[in-house]
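Worksheet: the structure to be examined is printed underneath.
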Amino acid sequence: MDSLHHAAELIAGAERLVVFTGAGMSAESGVPTFRDALTGLWSRYDAEALATPEAFTRDPALVWGWYEWRRELVERVHPHAGHFAVARVNCAVITQNVDDLHERAGSPHPIHLHGSLFTPRCSACGMPFGVAAQAAPVRPAEMPVTRATTDRPPVPLSEHRENAENSCSREELTGAGAADFTAGATQLAAGTAETATGSLLREGPRTPPACGGCGEPVRPGVVWFGEALPRDALEQAVEAAANADVLITVGTAGVVHPAAEIPQVTAKLGGTVIQVNPRPTPLDGVCALNLRGTAAEVLPKIIR
Ligand code: BV8
């Protein structure tokens, strides 16, 4: 039996299926993977150096410009056949991605281990920034705890900026509509923006954080390197992986922790792990099947 057919049989027989996704899941929708997230003008930046609290403290407007660029890009793309295949089956979705492609394909409640491009929050108390503030405020206890334990000191942003500014203007840095993005990002960073260029949230008007705008900057609603993952999300993900009889890991390099340990939880407790990735990863060893293909090609063939 070929491996695609074998995988389809295992998945069809699963009672508690989990799908765990990384940046490669969004690649065929047109969202660059994290290791190549920086294309064009942003290619002068190291994503890991930008996705840190230190970078935001040092230059909030530049970091906001990067996240606005990514959010705008996600707004322009669409889920692919792989997202729709996952949404068709009864499963728990755990994602490292900060886009909303799983939701837009119909997966009801993906667990976002690394936050979202669409949930900016107060950097002091964690309250969501905008209409979400009235909905479900993030309890301060869930505020990410930051510890400078990044795997290597981020390359000083001043070095990046120096290079960047030598070769292109700040307006160019943040792509199309640059000037107002930067201005909007600066306002957002200062927590003073009532509106910022390009609606940050799909819902209606934004309001200051429910905490009354404690004067701290509004930050992107993602988990940066050196920050703890949201406790609820991590607990839900570990529980789902521990109970899974089949887990499909799709499009992750398996190098960012603790998320990379999720497939290992399933394997350690006797579940079957199936990997979908064109390239080998450190997760190969815990997978019963390693399907060397892409998310949009393989998932519709194995999830029927
Ligand atoms: C924490 C949000 C502690 C922001 C992200 C030493 C060793 C190990 C770990 C560490 C270490 N030192 C420090 C650490 C911890 C660090 C870490 O793991 N570093 C790594 C780089 C070594 N982790 C952290 O800092 C975490 N926090 O540890 O906190 C703590 C504890 C208590 C109290 C205080 C602190 C936080 C990590 C979260 C970082 N935030 N994202 C943003 O997006 O801007 S992570 C970022 O990487 C994205 O979320 C991305 O999803 C994620 C993982 O990357 P991948 O998804 O795997 O994507 P990548 O591009 O790497 O790979 C793509 C894959 O897809 C490839 O394999 C490719 O072959 C494949 N592919 C490509 N195309 C396709 C495809 N597959 C299928 N189909 C295709 N078409």
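The values are calculated or read from the model by the stated rules, or taken from the named source; none is laboratory data. What you see is a predicted model, and the numbers here were worked out from it, not measured in a lab. Here the Cβ positions follow ideal geometry from the backbone for every residue, glycine too, while neighbour counts run over all protein chains shown.
Side notes on the structure shown:
- Comparison of Leu247, Leu289, Leu234, Leu269 shows that the only residue that is surrounded by fewer than 22 Cβ atoms within 10 Å (Cβ to Cβ), touching a helix residue (DSSP H, G or I) at 6+ places or on another chain (Cβ under 6 Å) and touching a residue at least 40 places away in the same chain (Cβ under 8 Å) is Leu289.
- Of all residues in the range 216-249 being touching a strand residue (DSSP E or B) at 6+ places or on another chain (Cβ under 7 Å) and within 6 Å of the ligand (Cβ to nearest atom), the one that is farthest from Val18 (Cα to Cα): Gly226
- Note on the range 98-136: residues that are at pLDDT below 90 and among the charged types (D, E, K, R) total 1.
- Whichever residue in the range 1-53 is at pLDDT 95 or above and of a type in the set (Asp, Glu) and, among such residues, is farthest from the chain's Cα centre (by Cα): Glu9
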